[in-house]
Amino acid sequence: MIKIGNIELPDFPLLLAPMEDVSDPPFRRLCKMHGADMMYSEFISSEGLIRDAIKSRMKLDIFDYERPVGIQIFGGDEEAMALSSKIVTTVNPDLIDINFGCPVKKVVCKGAGAGVLKDVDLMIRLTKAVIDSTNLPVTVKTRLGWDDSSINIDEVAERLQDIGVQALSIHARTRAQMYKGHSDWSHIARVKNNPRITMPIFGNGDIDSPEKALQYKNEYGIDGIMIGRAAIGYPWIFNEIKHYFKTGEHLAKPTVADRVEAVRNHLTWAMDWKGERLGIVETRPHYTNYFKGIHSFKAYKQKLVTLDRPEELFAVLNEIQDAYSGYEVV
């Protein structure tokens, strides 16, 4: 059993990564249904929370059926991080996670996200400001370093643990790599094998199949895996990995009817949470991923991304289910 503060997770938990414009409550609910053991909010700007920015505040919405769930914050100012952690604590998540890994330019330019990898002393000050401002467990997600010539994850892990961080998720790329090239999990294994490290170490990057999950579990000895992009439009990956771990066999792939049901739920929950109009608009980018690999789908996709009324969208989903009855998705 893996413990983070009072949170008890199963042996080798599978975590849903925090992803901007993806890891909202409707998507998290689907991933929970399909086997995710712990999930995180989209990352939230500390400055946005303090300014009472509506979008930042919405990201604080969590629901009991999601638990355990963490809220992730980012920022480059100690005072803002401390104050935002107090705000986050009031909504009672199970933990607070700090993002020191986002490579996006607009975040890095503010001295936040992966930008903090250039200044480990600042990273420690920011983290301590959060820890000192909450009674919740604090965890961190980061990368290997800024670039190949400045990989500093070993120092980062030790120093974060020393000030009270209770788990570390490592994306096995540098900031310079963004999301390109191959991840290098050997650095994560080195951190995990460091005798000084006692907190759970979770690996992230390129896990997109049950076989790869098992290979990385065995090869790198980490405590669990965080899955991001592979879950977009495919929440079934969590249970597929768990089943493969237990049996060495593959679960049947989700049928078109399964995919339609997932989309129907995603759309319904998005409208319930965001309101009808915003729920419809913000679900549109997900359709391509849910129906990936289905031939001659272009006309249906065009309808899904242009229709504006729920009853019309649900009618198209019914059409898709009927048209592809018995179809096997490759």
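General remarks:
- Counting only protein heavy atoms and a 1.4 Å probe, the chain has 43 square angstrom of accessible area per residue.
- Between N193 and T89, the modelled label-to-label distance comes to 3.9 nm, taking each label 7 Å out from Cα in the direction of the beta carbon.
- With eigenvalues of the C-alpha gyration tensor scaled by 5 and rooted, the stretch 186-325, Å: 37, 18, 11
- Residue order by solvent-accessible surface for I207, I62 is I62, I207, largest first, with ligands and nucleic acids left out and a 1.4 Å probe.
- Evaluated at q = 0.28 Å⁻¹, the base-10 log of the normalised Debye intensity for the stretch 186-256, with identical point scatterers placed on the Cα atoms, takes the values -1.29.
- Prolate/oblate/rounded label for the stretch 88-240 (Cα gyration tensor, a/c 1.5): rounded
- With DNA, RNA and ligands ignored, accessible area of Y179 (1.4 Å probe; Å², nearest 10): 110
- Assigned charges on the beta-carbon of Lys, Arg, Asp, Glu; the chain dipole about Cα centre (debye): 480
- Amide N of the stretch 196-224 lying under 15 Å from the label point, which is placed 7 angstrom from the Cα of Y179 along Cα→Cβ: 204-208
- For the listed peptides 136-149, 269-282, a ranking on the average number of other beta carbons within 10 Å per residue, highest first, reads 136-149, 269-282.
- Accessible carbon and sulfur surface of the stretch 178-276 relative to its total accessible area, %, 1.4 Å: 49
- Kirkwood Rh and Cα Rg combined as Rg over Rh, evaluated for the stretch 11-87: 1.00
- Principal semi-axes in Å for the stretch 244-330 [√(5λ), Cα gyration tensor, largest first]: 25, 16, 10
- Phi angles of the stretch 306-316 translate, via the Karplus equation with coefficients 6.51, -1.76, 1.60 and θ = phi - 60°, into HN-Hα couplings of 10, 5, 10, 10, x, 5, 5, 5, 5, 5, 5 Hz per residue; Gly and Pro are given as x.
- All aspartates and glutamates inside 16 Å of K192 as judged from Cα atoms, apart from same-chain residues fewer than 8 positions distant: D11, D154, E155, E158, D162, D184, E219, D223
- Among the listed pairs K86/K246; K242/K292; K118/K180; K32/K303; K141/K301, those beyond 32 Å (Cα-Cα): K86/K246; K141/K301
- Kirkwood Rh (inverse of mean 1/r, distinct Cα pairs), the chain, angstrom: 20.5
- For the stretch 41-163, the Cα gyration tensor yields ellipsoid semi-axes of 23, 15, 13 Å (square root of five times each eigenvalue, largest first, whole Å).
- Restricting the calculation to Cα atoms, every distinct pair contributes to the Kirkwood radius of the stretch 9-55, found to be 11.8 Å.
- Around the amide H of G145, modelled in the peptide plane, lie the amide H atoms of N152, R175, all under 5 Å away and 5 or more residues distant in sequence or on another chain.
The values are calculated or read from the model by the stated rules, or taken from the named source; none is laboratory data. Quantities reported herein were computed from a predicted structural model and do not represent experimental measurements. Cβ atoms come from the backbone with ideal geometry, glycine included; neighbour counts cover every protein chain shown. Accessible surface is based on the protein model in full, side chains and every heavy atom, while ligands, DNA and RNA are left aside. Shrake-Rupley method; radii C 1.70, N 1.55, O 1.52, S 1.80 Å.
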